Amino acid sequence: MSDIITESTDDGVLRVAFNRPEKKNAMTGDMYSRLADILNEASENDGVRVVLWHGIGQSFCAGNDIGDFLDRPPKPGDFPQGRLMEALIAFDKPIVVAVQGAAVGSGTTMLTHCDFVYAGESAKFLMPFVNLGLVPEFGSSFSIPARVGHLRAAELFLLGEPFTAQRAVELGLATRVVPDGDLLATATATAQRLAAKPGGALLTGKRLIKQASIDPLNEAVTAENQEFMVRVGSAEAKEALSAFLEKRPPDFTKLPKQPVAK
Ligand code: COA
C-alpha cells in the first residue's frame, strides 16, 4: 500500500491521506515528491475543486523521516521538500486539513499553506528545528511570525516546545478544535461546502488573499533552504538526528564551534 493514498469523488473533493501510521506518518523524500505531484496534477484537473488532507492512524505527520534525512540529505538538485514548497505556494484551490495527534516539524509548517486547519483534541504541534540543529522551513520563518508576532514565534521556534490544539487556535495556526471522533467528518463537510461554491470565484478569492504573501514566502523559502542544506550536514544536526534514532538524549557539549548564518 502506498505511503500516500488519494481518492477522487464526484463531489469535487480530492482526498489525500498520509498512510505510514507505524512511523507516525513521517515523510520520506519520496512522499514529499509524491505530494508535490498530487498537488500539481490537482491544480490542472478541473474535476478537483478542493483538497481534503489528513493522516491515517494516531498522528497527522511526524515531519521529515529522520533516517531518510540522514541517508539522503537534501541538496541542490535533490530536494523533494523544495518541490512540495513550490507546489503549496502555487496551489490556488482550497486545502482543508484534519490534524490529530503529532504534527511535528513539517507536520506543522506545511499547515501554514492550508486554508482550514481542524485540530483534533489530541493534536500536539511542535517545531523542534533548533533542537535538531536545523532551521525553520516551508516558509514558516515568514508565515509564523507574520501570524503570531516575533515573541511568540521565538517561543515556538527557539524553545521548540509542543503546543496544544487550543493554543494553535489562539495563535491563529488552526481554525477550530474538534473532538477527535468528529474531526474527519467536520473537515469533509467544510471541503464539500467549498466544492459546491462557484469555482472561478473560489480560486480567485484564494489567490487574492494569498497574493501579498507570495513574494515574502518565496524569499523566506530561498533563504531557509540555503541554510537548511548547510545545517542538515552539520555536526549538531547529525548528533540530534542520530540521538533520536538511537533513542538517547543528544549531547551537544562536545561538538566543535558551529558556523552561524550572517
Ligand atoms: N522519522 C523517522 N521515524 C520516526 C519519526 C520521524 N520523524 N517519528 C516517529 N518515528 C518512528 C519512531 O522511530 C518509531 O519507530 P520504531 O517503532 O521503529 O521504533 C515509530 O515511528 C513510533 O514513534 P514513537 O516515537 O515510538 O511514538 P511516540 O508516540 O512515543 O512519539 C512522536 C511520537 C512523533 C512525538 C515522536 O516519534 C517524535 O518525536 N518523532 C520525531 C519527530 C521529529 O523530530 N520530526 C522532525 C524531523 S525534522
message: Could you check the stretch 129-168 and list, in sequence order, the residues that are crowded, with 18+ Cβ neighbours inside 10 Å, in a loop (DSSP other than H, G, I, E, B) and away from the ligand (no atom under 12 Å from the Cβ)?
response: GLY139
query: Do any residues in the stretch 15-31 that are more than 8 Å from the ligand (Cβ to nearest atom) and in a loop (DSSP other than H, G, I, E, B) have Cβ atoms under 7 Å from those of residues that are open to solvent by less than 10 Å² (accessible area, probe 1.4 Å) and β-branched (Val, Ile, Thr), where the two are at least six apart or on different chains, and which pairs are they?
result: ASN19/ILE4
query: Would you pick out the residues in the stretch 169-181 that are open to solvent by 50 Å² or more (accessible area, probe 1.4 Å) and assigned to a loop (DSSP other than H, G, I, E, B)?
result: THR175, PRO179
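Here is a yes/no grid of residues against (1) in contact (Cβ under 8 Å) with a residue 12 or more places away in the chain; (2) open to solvent by less than 80 Å² (accessible area, probe 1.4 Å); (3) not in a helix (DSSP H, G or I):
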site	(1), (2), (3)
ALA187	yes, yes, no
LEU194	yes, yes, no
LEU202	yes, yes, no
LYS206	yes, yes, no
GLN211	no, no, no
GLU219	yes, no, no
MET229	yes, yes, no
- prompt: Does SER242 satisfy the condition of being of a type in the set (Ser, Thr, Tyr), part of a helix (DSSP H, G or I), touching a residue at least 60 places away in the same chain (Cβ under 8 Å) and away from the ligand (no atom under 16 Å from the Cβ)?
  reply: no
task: Quick one: which helices (runs of 4 or more DSSP H) lie wholly within the stretch 44-128 and hold at least 3 residues that are within 16 Å of the ligand (Cβ to nearest atom) and buried (at least 20 other Cβ atoms within 10 Å of the Cβ)?
output: 80-90, 106-109
message: With the requirement that a residue be under 17 Å from ALA62 (Cβ atoms) and surrounded by fewer than 17 Cβ atoms within 10 Å (Cβ to Cβ), what does the stretch 231-241 give you?
response: none
field: Selection within the stretch 1-14 - open to solvent by less than 50 Å² (accessible area, probe 1.4 Å) and in a strand (DSSP E or B)
entry: ILE4, VAL13, LEU14
- line: Scanning the stretch 15-32 residue by residue, those surrounded by fewer than 20 Cβ atoms within 10 Å (Cβ to Cβ) and within 13 Å of PRO80 (Cα to Cα) turn out to be THR28, ASP30
message: Taking the conditions exactly as written (touching a Ser or Thr at 6+ places or on another chain (Cβ under 9 Å), surrounded by 20 or more Cβ atoms within 10 Å (Cβ to Cβ) and not polar (S, T, N, Q)), does LEU35 satisfy them or not?
response: no
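The values are calculated or read from the model by the stated rules, or taken from the named source; none is laboratory data. Note that this is a predicted model, so its numbers are computed, not measured. With ideal geometry, Cβ positions are generated from the backbone for all residues, glycine too; neighbour counts draw on all protein chains shown. Calculation scope for accessible area: heavy atoms of the full protein, side chains included, ligands and nucleic acids excluded. Shrake-Rupley method; radii C 1.70, N 1.55, O 1.52, S 1.80 Å.
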